[in-house]
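Below is one structure, written out as structure tokens, with a few remarks after it.
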Amino acid sequence: MRNLRLLKNLRCSELQGPGTPQCISVRTDTGTVLIASEFSVTELDPRAGQVVNEVSLTADGYLPEDGSGTVVGIQDLPDQESVCVATATGDVILYNLNTNQLECVGSVDTGLTAMSWSPDQELVSLTTGQDTIIMMTKDFEPITEVGIHQDDFGEGKFITVGWGKKETQFHGSEGKHAAQRKTIEVQSALPWDDRRPRVTWRGDGQLFAVSAICLQTGARKVRVWNRECFLQSTSETTNGLEQSLCWKPSGSLLAATQRLPNKHSVVFMEKNGLLHGDFTLPFDKEQVKVKELLWNSDSTVLAVWLEDMMPGDGGGANTYIQLWTVGNYHWYLKQSLCFGGDPQQAPACVSWDPERPLRLHLVTRGWNSLTYDWGWSTDRSHGEDGQDNASVAVIDGDKVLVSTFRQCVVPPPMSTFDLQLTAPVNLVTFLRQPQRTNELAALTADGHISVYGQGTGDQVQLEPRAGGFRSVSQPLQLKTTYRVAVEQKAPLALRLLLWLREDVFLGVGVSMEGPSQSRLLILGPSEAGSPQPTLEIRSLVEVEGHVISMCHGAKTGTVALQLENGQIRRFLWDSLKPSVVEWQDSTGCRINFPDLCVQTALCTIEEERLLGLTERSHLFVGDSEVASNVSSFVVYDDFLLLTTHSHTCRCLRLSTLTVKGLQEALASDGGQNDQNDETLRRVERGSRIVTVVPLDTRLVLQMPRGNLETIHHRALVLAQVRKWLDGLNFREAFECMRKLRINLNLMYDHNPKVFLENVEIFLRQLDSISHINLFLTELREEDTTTTMYPCLPNSTVPVQPAPGPSGKKVDIVCDALRSTMESMDQHKYCLSILTTHVKKTVPELEVALQKVHELRVNPPSAATAVSAEEALKYLLFLVNVNELYEHSLGTYDFDLVLMVAEKSQKDPKEYLPFLNMLKTLEPNYQRYTIDKHLKRYRKALHHLSKCGEEHFTEALNLVKDQRLYGEALGLYPANSSQYRALSCAYAEYLVAQHQPEQAGLLLWRCGEAARALQAFVGGASWRNALCVAEQIPLPPDQLALLARDLAEKLIELRRYTEAAVLLEQYAKDCEEAISALITGAVWEEALRLVYLYNRQDIIETNLKPALLEGQMMANANENTFVIDVICLAPYCLYEHRFLSLAFSSQTSFLEAQKAMFIRHKTRLAVVRELKEKARLELLDEDVPDCPEAELYSEASSVMTGSHAGSKYSHSNSRISSRSSKNRRKAERKKLSLKEGSPLEDVALLHALTEVIHCVDKMREEVHSLLKALVLFQFDGQAGRLQQAYGEALLLIEAGIPEVWQEGLQPTQAPVTGPNSTANSIMASFQQPRHSVTQESEMPPAPKMRNGVKWKLSILK
């Protein structure tokens, strides 16, 4: 749905060339035009408007001096820096552009009729006067010569498979009479045919076609040849085939013209010569003749050069050039250039530019050079209010096809309505005035502007269109037709047009001051009375340079101009003296486009800026490039919508972005697969934006083949929904969200406080029970404004306020809606009220069922009320029937149970016997039976406790089976036998759970002292045990024996101080108490008892030997202090060893720990170095970087990670069903310190952690030992111990930073989740990995307890 808009028009009218132009060629390297006449070859620069070079063809006798010679072809040869010219006399001349020398490289005695070079300029084909084809190389070496007229069809001859004659075949629309139709006599070529051959090449240079007059029939016939000049096919006999022929560069079709009795058409042929489609020229059948057909270089535009067959009133024949395009198999006439009847103004040569597809060069007979540059544009209405119909105008000859996308989407080539004009249309523009943006103006080829506006209000009845269709939109009415008072020396003198206000038009014309200037014209209706309305020039501003685009800002009224060199200007059209100034930003810097842009638009990004899109898909914001793969864009309201060559459609809110932010957002295009990214949407390949429907969510795209698609871009949808919600338009928002599958939670999450304050408005607007129920059923706790539809940063959408009431969102919404519906009309909203009960976090099914039961008992009389059956049927739709049956049973209402059961698919044999049995039971036991059936054991126990003592045994069994001891104790009095029995049962359970102390408390308080004493002794609760023993009471000898038994248990538990108390106070054995303290290294308390009971002899016999005993034990058990490096399970076996030893054992232990720490730290450094080396080798071999790929060690060769990790993956699968003990054993085996194991580095870190913890925990014990050693004058040993322990701490503190390096700390896991993208996930995985392979198993760096004081200052 695009039109061709003229961007630039170069006219050179002061050339004085000899003779009449006959051929033209364009130099691609310089942009100049080579023109051949009967006297010379002239090189013209259209930009400078002057002749660059000229060489005579008559001076050397190549052409006669009387002007009777003819040039049949001219071709620029950039590789040879020459121009090849072929004359009708048979000479092939090579003109060197550097030396200006002419050279005849060949001559044909019979003369030449045509010359055509292949697109790659490797071959040249010549047709001679004897109707032969000469094929030559680019060095003019002959390859072959064949005759044009061949009797054979060619190598592509059709094969007959014997399916009957042509007369017996299906003839389509011609009917069965075609079988009896006689062969029509072949007609000869038309009289005005020049009877010269036409040669055209396919775009790839593999085939060329020749159109020539058949010698037998006198009619034209087309033959197709390959590069070796072998005939491939011959066209079927076609009456009325004319001289023009041009092969579409894309290679699919050949274009020719055909004159039939009822029409004059452009027809297309395939390479096999068969016709394939056509379109009719908009002239009478005998009005014009087609001189040439010309395809542009990208096959998008077909130029048709026509001339009237009869001279006009001025004596000359009118000449036309029409530009046609195709879409959806329909040919549109986009531009029509009428050159009038002046013979000197008629085109003599026409050619497309080979480099610029939309640039057309032509030279008139009077040596006027014209160069037209076109660009594609979509002419759409620019309104942003609800009155705008999102109209798009498509030019099709003398019609303007208008599609209004607000009402419907009409596929091209159809339209909502069309506007018929009196002349071909070249330009369309819509009014920029608010509330009237549907009105348009059309500029026709005869220089008139027709204005169309909305019809009067009384024309409501729309007439049916052809085919029985009825238009859904009011067609525009012709208001007036203006004659434009602008001098037109050439077609398209007014090339750009903006309709700013009802009486103000802004146009761009050709300047009279020079070829490189433009004129800005402000046009308005003439006030002078004239027979025909006229647009006169009110103001005129000369602009240095060619204005190729104009755009208008609807909000600011700014008009921005773009010149051909990318310069941007601001046109102050609304001032007293219109002027053009430079475009500057807020800092005063001049802003220009780096390259020429074919589409521009104004927008606001921090300030007013100009967007531009180049032919090569680069998008600029001022002088900054923000993207390089944009195929189309449009600015709507606060959004920038664009399509890219990576087949995505982006929708970005400009108010939230800076230029740099826009560049970063577009740089990520094509890599974002996040489903929650509302700015990106995948579209079909080649999609282009047609228009956006204002105040709606629809975006219309056109596919390459021409069909339309309407999408609802998520960003537009959410923006519009948020606007509706802010305006409390809940119905519009709901309908949009329901249709486009937007989560309905957004209606509440957008602004919870506002929603809760306007629940009644919400209900009245929806006014549909099904819609309310749909909203309720979609409720969930997720906040969609932070997960699914997050607001963009710095967005103009207000930040979501915190919800008023605290609690769960679903419960809050359900309660608010239910209370409002009950106050409005509880009968009407009965089903919705039931939904609010069912949807709550803890479904209130009993309440819902009770309300259904009330409907059955007391049916409401209101007309809007629902029956109990309907309500129950709806509940069964929401809830599983079995679940609803069980909940109904839990209400203990058998009528309700029967009502639910009857509506379900249950067999009465399943539930009637059970219900009948329940009815025979006592009420409490009945409820107990129901609750037990429903597995509601707490309720069942509650009801069973009310059934009397005869059911206590059943209650006790229920308590034991379901472990309801705590609930059961609360149901019986504390002084009852039931309470005592429950307490004893509870105590037995606690003992089985290894909680004997709590069991003893229960037994003690219920009077079971003996059993309580046994429980306390089993739990080593010696204080409670002694209290119970005194309460029993026990005899003194048994009490002492009890104390000794408890002391032995405490010593086994290493509770030496408590054991000493029992032995001293209850067993009356001070010597055993002191011995226990010495064993536990409680030196100070042992000394206190020694002196309390005057047993100084124990110092010499027990205490001092204990201090010196450690040296011998350390020597005898030296290997005891070497920790097994294979198994890491009991990392700290010696955590309490030093409590029973003394100085020598402590120093030996410290030395062992230091040696182990150094050995592990050294080995860890080696392992890390080996793994890093292996990882780098893998990267060099392009092996994927995966966690297992780093599992290498000194003893293992470089292998893939899958091989290294497979051993453990298989073993893990086997041990998954084993016991927990075996699983722990397997985990320890996995973290093995064996050299070469895959996770050796992780195992070393665990071992080092345990060593550090063990040494750090010795601070208090070392401090106590130091004091004891000093007391008994072992200063030397104390000093060595203090020094050794200090060195160990210093060694560990210095080694921790080396082991736990900052770069090797556990890093964040690869980012995944709803806010991640494919690029972010891959980037997180591709970050450099360190030697630690399983970061989740790597222990953190230990913290030393440096605040604990352990040193003695009296020691050196």
> N1119 fails exactly one of the following numbered conditions: (1) surrounded by fewer than 19 Cβ atoms within 10 Å (Cβ to Cβ); (2) in a helix (DSSP H, G or I); (3) at pLDDT 85 or above; (4) among the polar types (S, T, N, Q). What is the number of that condition?
Replying inline: (3)
> Looking only at the range 884-896, which residues are within 17 Å of K939 (Cβ to Cβ) and in a helix (DSSP H, G or I)?
Replying inline: E886, H887, S888, L889
> For the range 1031-1113, which fully contained helices (runs of 4 or more DSSP H) count at least 2 residues that are surrounded by fewer than 17 Cβ atoms within 10 Å (Cβ to Cβ), at pLDDT 85 or above and polar (S, T, N, Q)?
Replying inline: 1056-1065
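Residue by residue, here is whether (1) out of contact with any helix residue (DSSP H, G or I) (no Cβ under 9 Å at 6 or more places or on another chain); (2) part of a loop (DSSP other than H, G, I, E, B); (3) hydroxyl-bearing (S, T, Y); (4) over 23 Å from N96 (Cβ atoms) holds:
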| residue | (1), (2), (3), (4) |
| --- | --- |
| L7 | yes, no, no, yes |
| Q16 | yes, yes, no, yes |
| T28 | no, yes, yes, no |
| E43 | yes, no, no, no |
| R47 | yes, yes, no, yes |
| V55 | yes, no, no, no |
>> Quick test for you: out of R653, R590, pick the one residue that is in contact with an Asp or Glu (Cβ under 8 Å, 6 or more places away or on another chain), among the charged types (D, E, K, R) and farther than 29 Å from R714 by Cβ.
In response: R590
> Among (1) free of Cβ contacts under 8 Å to residues at least 60 places away in the same chain; (2) buried (at least 19 other Cβ atoms within 10 Å of the Cβ), where does V598 come up short?
Replying inline: (1)
>> Can you confirm whether K248 is at pLDDT 90 or above and closer than 23 Å to P354 by Cα?
In response: yes
> Which pairs have Cβ atoms under 7 Å, sit 6 or more apart or on different chains, and link a residue in the range 889-908 that is farther than 18 Å from E870 by Cβ to one that is basic (K, R) and part of a helix (DSSP H, G or I)?
Replying inline: Y892/R927; F894/K919
>> For the range 185-239, give me each residue that is assigned to a loop (DSSP other than H, G, I, E, B) and of a type in the set (K, R).
In response: R195, R196, R202, R227
>> Anything in the range 873-914 that is touching an Asp or Glu at 6+ places or on another chain (Cβ under 9 Å) and within 16 Å of H837 (Cα to Cα)? List them, or say none.
In response: H887, S888, T891
>> Checking the condition modelled with pLDDT of 75 or more, open to solvent by 100 Å² or more (accessible area, probe 1.4 Å) and out of contact with any Gly (no Cβ under 7 Å at 6 or more places or on another chain), which residue from Q150, Q180, Q206, Q130 passes?
In response: Q130
> Looking at the range 629-665, which of the residues that are touching a helix residue (DSSP H, G or I) at 6+ places or on another chain (Cβ under 9 Å) and assigned to a helix (DSSP H, G or I) is nearest to C551 (Cα to Cα)?
Replying inline: L654
>> Given the criterion polar (S, T, N, Q), modelled with pLDDT of 90 or more and open to solvent by 10 Å² or more (accessible area, probe 1.4 Å), identify the matching residue among T378, T404.
In response: T378
> Considering the range 478-511 alone, what residues qualify as being modelled with pLDDT under 85 and either in a strand (DSSP E or B) or of a type in the set (F, W, Y) (or both)?
Replying inline: V510
>> Looking only at strands (runs of 3 or more DSSP E) that lie completely in the range 512-552, which have at least 3 residues being open to solvent by 60 Å² or more (accessible area, probe 1.4 Å), modelled with pLDDT of 85 or more and closer than 29 Å to L610 by Cβ?
In response: 534-544
> When you go through E228, E242 one by one, which is the residue that is crowded, with 23+ Cβ neighbours inside 10 Å and of a type in the set (D, E)?
Replying inline: E242
> Are there any pairs with C-beta distances below 9 angstrom linking a residue in the range 616-644 that is surrounded by fewer than 18 Cβ atoms within 10 Å (Cβ to Cβ) to a residue that is assigned to a loop (DSSP other than H, G, I, E, B) and basic (K, R), with the two at least 6 apart or on different chains, and if so which?
Replying inline: S628/R616
>> Every residue in the range 562-595 that is β-branched (V, I, T) and surrounded by 12 or more Cβ atoms within 10 Å (Cβ to Cβ), please.
In response: I568, V580, I591
> Just wondering, is there one or more residues in the range 283-292 that are touching a residue at least 60 places away in the same chain (Cβ under 8 Å) and either part of a strand (DSSP E or B) or closer than 29 Å to G154 by Cα (or both)?
Replying inline: yes
> Does the range 598-612 contain at least one residue that is within 17 Å of the chain's Cα centre (by Cα) and closer than 26 Å to R359 by Cβ?
Replying inline: no
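The values are calculated or read from the model by the stated rules, or taken from the named source; none is laboratory data. Just so we're clear, the structure is a prediction, and the values are computed from it rather than from any experiment. Backbone-built Cβ (ideal geometry, glycine too); neighbour counts: all protein chains shown. Surface accessibility is based on the protein's heavy atoms, side chains included, excluding ligands, DNA and RNA. Shrake-Rupley method; radii C 1.70, N 1.55, O 1.52, S 1.80 Å.
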